[in-house]
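Notes follow once the structure below has been shown.
The values are calculated or read from the model by the stated rules, or taken from the named source; none is laboratory data. Quick caveat: nothing in here was measured; it's all calculated off a predicted structure. In this analysis, Cβ positions are derived from the backbone assuming ideal geometry, glycine residues included, and neighbour counts consider all displayed protein chains. Areas reflect the complete protein model, heavy atoms only, side chains present, ligands, DNA and RNA absent. Shrake-Rupley method; radii C 1.70, N 1.55, O 1.52, S 1.80 Å.
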Amino acid sequence: PTTQTVRVHERCDTPVEVVTSHQWFIRILDHRQAFLDAGERIAWHPEHMKTRYRQWVEAMNWDWCISRQRAFGVPFPIWYCGACGGIVVADEADTPVDPAESQPRRPCACGGTMFTPETDVMDTWATSSLSPQIVGRWLSDDALFARVFPMSLRPQAHEIIRTWAFYTIVRSHYHNAEIPWANVAISGWGLAPEGAQKLSKSRGGGPIGAMAALERYSADAVRYWAAGAGLGRDTVISEERIHAGARWATKLWNVARFSEPLLASFQPPVKPPEDLTTADRWLLARLSQLVNATTIALDAYDYATARNEIETFFWRDLADNYLEMAKKRLYEATDGYAAARYTLYRGLLTTVKLLAPLLPYVTDAIYRDLFGAADRATSVHRATWPEPEPHFDDPEALAAGEALLDIATAVRRFKSEHNLSLGAELVALHVTTTSALEASLRASAADLLSITRARALTLNGNGRGELLMTGQVEVRVEM
């Protein structure tokens, strides 16, 4: 009896037997430096993935075997002469051709007319390495090919840098003397929590299957989870995070439903209203920051940072705080009503546009119903991308806005500690602050009353009641 290690196929566990045979190759070792140079001309995201590419090219010690011994694949248009064993290649005009079903149109150079077809088929990468040329309709639509090649982006996972990325570069070098795309975005794997194994169709794994996740939580929710891991990083499949994406989509939908009657038939003015409150100016300043940060991140293919920026703005600034500040003006149509409508319109529309690449379905439904007519686009995916607006950059408003948030947070904490609902009314709110902040807080008196549910507000007066916070802003409440 003998115990030995037998290599098996990674998917079906069939023992692997090495058999020496003739194969078809494409020469690559002779052009190693050209492929290294091509890798340098391409922008890699993340950049360190270029090192994997370079290490693979530098370490190569064999040419590219493109033949496989299996039933399905692209056949080689080749026959072998029965008389001399010579190779006969089909004329280009006759391709594509299956040699098992057709014979050459001409005899062999030796005069022989009996042929044996090549039974091997091409390696998967031998055809997928031409994906830029195939989708660009190379050799069949010259005008389209000239427009789209080289392409902008190749998105792919990290384990096939040595195959799909490299072989695509090889084919473009040989056929077009060009790089195939300007950028490569390298994603990571989705891993099963148990053992951190890569998910696969054959072996399964993970807490929930792809189709089950889509059906239970929606495509937007799954995309939310996927956008949480930066390029090049593996991430564990998390049903909890997918569920969080569903909650975000629901919250966005609910904010849109809340806003719908307030923004019905709203036509945004060319210039912002002159009576913007501190809360309005703070949100618009934050919005300008958000547009700039998100655009920079997405231009660098850093969708994880973009998601985090949008998520922070939507939950903390827009949904949890600004809406609560502006409710009094919006509901009662009091002074500052137009300014609140304008700010809400700009804040929600911009959020929907920035979020559209990540949550494309819920954002498009909201855009079509709420903003399409005024914004003049049939879909959010056809709308213009937001631009940063420097005239909204306002350090004073940003500082005052953070003070408003600190006050609101202190009051919420007070109510929670005293087992009061967030909607519980307070007799009065007393705020003592610096002269630099006093004017800004006074301009947002209505917004402070709205978010704290206080019936009265005093600024730099004789504060009474329980002390909630000290520092640059001191807050007391009366019950």
Heads up, I need the accessible area for residue 378: 1.4 angstrom probe, whole protein in place, Å², nearest 10. 100 Å²
For a bin width of 5 Å, list the pair-distance distribution of region 438-479 built from all Cα-Cα distances, rounded to whole %. 5, 20, 32, 33, 9, 0
Accessible area of the chain with a 1.4 Å probe: how many percent of it is carbon plus sulfur? 52 percent
Anchor residue 198: aspartates and glutamates whose Cα lies under 19 Å away (excluding residues fewer than 8 positions away in-chain): 10, 13, 159, 234, 239, 240
Report the Cα-based extents of region 265-404 along its three principal axes, largest first, to the nearest Å. 40, 33, 25
What is the distance, in nm, between label points placed 7 Å from the Cα along the Cα-to-Cβ direction at residue 472 and at residue 137? 5.9 nm
What would the Debye equation give as log₁₀ I(q)/I(0) for region 21-67 at q = 0.15, 0.30 Å⁻¹, counting only Cα atoms as equal point scatterers? -0.46, -1.08
Length gained when the stretch residue 427-residue 264 is fully extended (0.36 nm per residue, less Cα-Cα span): 55.2 nm
Can you give the angle from 0 to 90° between the axis of helix 49-59 and the longest principal axis of the chain, with both taken from C-alpha atoms, to the nearest 10? 20 degrees
For region 352-381, state which trypsin sites (Lys or Arg not before Pro) are in a DSSP loop and have at most 15 other beta carbons lying within 10 Å of their beta carbon. 376
For the chain, the charge dipole (Cβ of Lys, Arg +1; Cβ of Asp, Glu -1; about the Cα centre) points to a positive end, and the Cα of 136, 448, 103 closest to that extreme belongs to 448
First measure r as the distance between the Cβ atoms of residue 5 and residue 102, then evaluate 1/(1 + (r/R0)^6) with R0 = 41 Å and state the FRET efficiency to the nearest 0.05. 0.35
Among residues other than residue 369 whose Cβ falls under 10 Å from its Cβ, what is the net charge (Lys/Arg +1, Asp/Glu -1)? 0
Sorted list, accessible surface of protein heavy atoms, 1.4 Å probe, largest first, for 369, 302 is 369, 302
Bridge orientation stat for the chain from DSSP, antiparallel percent rounded to 5, came to 60 percent
Output for region 251-339: GluC sites (Glu not before Pro) sitting in coil per DSSP, at most 14 other Cβ within 10 Å, listed by number, reads 274
Where no second cysteine Cβ lies under 4.7 Å, the cysteines concerned in the chain: 12, 65
If each part is reduced to its alpha-carbon centroid, region 410-466 and region 343-369 end up apart, in Å, by 32 Å
Counting Lys +1, Arg +1, Asp -1, Glu -1, what net charge surrounds residue 297 among other residues with beta carbon under 13 Å of its beta carbon? -3
Here the net charge surrounding residue 310, from other residues whose Cβ is less than 14 Å away from its Cβ (Lys, Arg +1; Asp, Glu -1), is +1
Can you pull the one-decimal nm distance between simple spin-label points at residue 114 and residue 43, each 7 Å off the Cα toward Cβ? 6.2 nm
Scoring region 210-309 by relative contact order with C-alpha pairs under 8 Å, at least six apart, yields a percentage of 33 percent
Short version: what are the Cα gyration tensor semi-axes of region 210-290, square root of 5 times each eigenvalue, largest first, in whole Å? 35, 18, 10
Full-extension gain between residue 442 and residue 84, please, as 0.36 nm times their residue separation minus the C-alpha to C-alpha distance. 119.0 nm
Just the number please: accessible area per residue for the chain, 1.4 Å probe, all protein chains included, in Å². 53 Å²
Please go through region 4-78 and write out the GluC sites (Glu not before Pro) that DSSP classes as loop and that have at most 12 other C-beta atoms within 10 Å. 10, 17, 47
For residue 187, distant residues with modelled amide H under 5 Å away: 156, 157, 158, 232
Under 8 Å for C-alpha pairs, at least 6 residues apart: give me the relative contact order for region 106-180, rounded to a whole percent. 32 percent
30 Å Cα-Cα threshold exceeded, pairs from 271/353; 50/251; 251/415; 353/415; 328/415: 50/251; 353/415
Region 414-471 - percent relative contact order, Cα under 8 Å, separation 6 or more: 43 percent
Semi-axes (Å, rounded, descending) of the ellipsoid equivalent to the chain per its C-alpha gyration tensor are 63, 25, 20
Taking H as built 1.01 Å from N, whose amide H comes closer than 5 Å to the amide H of residue 426, not counting residues under 5 places away? 454, 455
Can you grab the distance from the C-alpha centre of region 140-192 to the C-alpha centre of region 86-123, Å, no decimals? 31 Å
Measure nothing but the geometry: give the 0 to 90° angle between the long axis through the Cα atoms of 166-176 and the longest principal axis through the Cα atoms of the chain, rounded to 10°. 70 degrees
Compute the FRET efficiency between residue 95 and residue 30 as 1/(1 + (r/R0)^6), taking r as their Cβ-Cβ distance and R0 = 35 Å, and round to the nearest 0.05. 0.85
